[in-house]
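Please read the structure below before turning to the comments.
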């Protein structure tokens with residue numbers, strides 16, 4: 001059985017390697033998409049449920065929020081990540097051009113950056129020379145820009161992950177408000193949504209290496225506020241219209 005972990009590298013640490021940016025890119029988009037789907041659709045259907053108990057308006061609003069939100073999330077992710085990808089490609093092209101036009105200056109620059117990190121002038125120059133001989137472009141991109149030329153983010157990954165996650169997340173509150181008996185719709189939706197938000201909070205914290213309980217509590221509190229506000233507005237408008 002082979003071990004791909006480099007010497008002295010802890011397997012549970014997020015060292016950058018081939019494909020890491022891509023995986024983190026779609027995982028981030030997926031978690032955010034699911035969270036937005038849960039909150040957005042829940043807020044809309046609960047708001048409508050506050051104004052009317054009829055299933056048709058709730059279903060119509062829920063489907064509209066589900067489809068429109070998924071498309072909006074996909075477009076937002078595509079534009080955002082496309083901009084990041086274009087910036088990375090421009091920086092790679094610029095660094096490639098500089099290495100071709102001024103290789104000696106670039107070597108000195110690389111040595112200077114390692115010296116600034118604490119290496120002696122001799123050691124820094126030796127490291128710069130060896131890295132330049134191995135792969136000059138990769139060395140400069142890594143030290144100067146923290147970019148891996150073989151791991152540029154893909155907007156399509158983020159777009160697909162975000163849209164699908166939003167749709168799946170949005171299905172949860174839509175089903176929660178339509179399936180139970182009429183008198184139980186809103187309480188069941190509140191509980192279901194808060195549990196789902198706690199789950200996405202735990203997952204996002206796990207991916208980011210942050211405190212899981214704190215992340216879950218933040219999302220649960222935010223979701224509870226959103227649901228309470230939209231339900232109150234729906235109830236107020238429903239009463240006003242009824243008068």
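Structure summary
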{"read-out": "Cα gyration tensor category, rounded, prolate or oblate, for segment 60-125 with a/c compared to 1.5", "value": "oblate"}
{"read-out": "If the convex hull is drawn through the Cα atoms of segment 93-155, its volume per residue in Å³", "value": "79 Å³"}
{"read-out": "Alpha-carbon gyration tensor eigenvalues x 5, square-rooted, for segment 117-243, Å", "value": "52, 17, 13"}
{"read-out": "Three-way shape label, segment 44-165, alpha-carbon gyration tensor, a/c 1.5", "value": "prolate"}
{"read-out": "Residues 109, 88 arranged by fewest to most Cβ contacts within 10 Å", "value": "109, 88"}
{"read-out": "Residues 114, 78 arranged by fewest to most Cβ contacts within 10 Å", "value": "78, 114"}
{"read-out": "Gained length - residue 55 relative to residue 211, 0.36 nm times residue gap less alpha-carbon distance", "value": "52.2 nm"}
{"read-out": "Helical mean residue ellipticity (222 nm; -39500 (n - 2.57) per DSSP H run of 4+; nearest 500) of the chain", "value": "-28500 deg cm²/dmol"}
{"read-out": "Distance between modelled label sites at residue 195 and residue 137, nm, 7 Å Cα→Cβ extension", "value": "5.2 nm"}
{"read-out": "Order of 156, 184 - criterion: other Cβ atoms within 10 Å of each residue's Cβ, fewest first", "value": "184, 156"}
{"read-out": "Quotient of Cα Rg and 2.2 N^0.38 Å for the chain, N being how many residues it contains", "value": "1.41"}
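Bear in mind these aren't lab numbers, they're just calculated from the coordinates by the rules spelled out. Because the structure is predicted, anything quoted here is derived from the model rather than measured. Neighbour counts run over all protein chains shown; Cβ positions are idealised from the backbone, glycine included.
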